[in-house]
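Comments concern the structure below.
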Amino acid sequence: MEKYINIQNEIITKYRIDICDGTKCKNDWSRTHAHVQQRRVCKWKQLNGVISTFTLLHEVGHIETTKTKMRRCESEYYATQWAIEQCKLYDIAIPEKTIEKYQRYIFNELARGVRRGGSNYPSKEQLTLQYEMKGTRKLL
């Protein structure tokens with residue numbers, strides 16, 4: 001059964017995503033990333049599993065939600081929250097440790113921006129992911 005592969009292929013088609021192995025990148029980034037303007041996701045590995053699907057959804061979330069004036073912590077928050085909402089639609093349960101990993105990354109980017117002298121950043125509360133776990137609403 002290739003449930004997740006089918007979902008991934010549906011997402012790629014629905015959102016008109018160009019999947020790239022990294023050969024179209026100007027920078028040789030080693031991690032999965034999105035090129036918002038080109039609607040491209042690079043260096044994503046398609047596997048029949050939850051993590052691969054969530055990673056794809058997160059990168060598509062960047063393409064669907066990023067605005068030019070967003071700060072890194074905001075773009076990461078909105079991309080992740082968008083991915084969480086899509087997982088709900090597909091009835092995909094995301095491992096809690098995955099949500100916690102993304103939440104830590106968002107908070108680290110917030111702290112980094114403030115440390116570098118940024119101002120008017122959203123609060124941690126505003127950047128806290130909303131995730132429901134089987135009948136309960138969990139704020140991480």
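The values are calculated or read from the model by the stated rules, or taken from the named source; none is laboratory data. Everything quoted here is computed from the prediction, not taken from an experiment. Because the Cβ atoms are built from the backbone with ideal geometry, glycine has one as well, and the counts that use them run over all protein chains shown.
Some points to look at:
- Residue match in region 67-86 (condition: assigned to a loop (DSSP other than H, G, I, E, B), of a type in the set (S, T, N, Q) and modelled with pLDDT of 95 or more): no
- Of all residues in region 91-121, those that are outside any helix (DSSP H, G or I) and surrounded by 14 or more Cβ atoms within 10 Å (Cβ to Cβ) total 3.
- Within region 67-90, no residue satisfies the criterion of being among the β-branched types (Val, Ile, Thr), under 20 Å from Ile11 (Cα atoms) and exposed (fewer than 15 other Cβ atoms within 10 Å of the Cβ).
- Members of region 37-65 found to be outside any helix (DSSP H, G or I), touching a residue at least 24 places away in the same chain (Cβ under 8 Å) and surrounded by fewer than 17 Cβ atoms within 10 Å (Cβ to Cβ), listed by number: Arg39, Gln46, Leu47, Asn48, Gly49
- Taken together, the residues in region 4-31 that are part of a strand (DSSP E or B) and touching a Phe, Trp or Tyr at 6+ places or on another chain (Cβ under 9 Å) amount to 2.
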